[in-house]
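Before any comments, here is the structure.
The values are calculated or read from the model by the stated rules, or taken from the named source; none is laboratory data. None of the values given here were measured: they were computed from a predicted structure. As a convention, Cβ positions derive from the backbone with ideal geometry for all residues, glycine included, and neighbour counts pool all protein chains shown.
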Amino acid sequence: MAKTRGFEVVKRLADDPVPLPQRQTKAAAGYDLAAVSDFTLPSIWRGHFLKALWHMRHGKALTPELLTTADQELKPFLVPTGIKAFMQPDEVLLLVNRSSGPLKRRLILPNGVGVIDADYYSNDSNDGEIFVQLINYGLTDVTIKKGERIAQGIFVPFLTIDGETTPQMERNGGFGSSGKH
């Protein structure tokens, strides 16, 4: 029987022992995704961000340089998982927070829910590797250890509208490649 959905290790890590995501209980909806290597997520409460808040609080003008550096400190980090997901064309893999991420570690997915489309699998630019966007809103940096669970993936079917003209564009890359803003 042909496989219809699941996870695989990306080609660049084919010789490394990367465990595939698993559900932790028989009634769990989500498959736990883990970091493929150690990764430190800096706190957003860094010098330039705090300086910008101080300027704003005290009615001071923000210089373009301060605005740029403070804004960079709010940018999410992409934590690699070393895995990719395959599924049917009418399915999607949703990436969501683990309940312990925000509660215990102050780590969140800034986009709320990540969407991994079926055509992301094995794309040319990154082989379909799933990266989890995370922001650390805690007061201190957080080090994620290799193998530590960082998000959940939930496979779900989706519907399209009646009479839709099917888009003809093919995915030509990885992260954020399906269109402009």
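The set of residues in the range 82-97 being more than 19 Å from G138 (Cα to Cα) and without any contact (Cβ under 8 Å) to a residue 60 or more places away in the chain consists of P89 alone. In the range 98-124, the residue that is modelled with the lowest pLDDT out of those that are in a helix (DSSP H, G or I) and hydrophobic (A, V, I, L, M, F, W, C) is L103.
What are the residues in the range 142-166 that are of a type in the set (G, A, S) and either surrounded by 10 or more Cβ atoms within 10 Å (Cβ to Cβ) or under 30 Å from K104 (Cβ atoms) (or both), if any? G147, A151, G153 - these are the residues of the range 142-166 that are of a type in the set (G, A, S) and either surrounded by 10 or more Cβ atoms within 10 Å (Cβ to Cβ) or under 30 Å from K104 (Cβ atoms) (or both).
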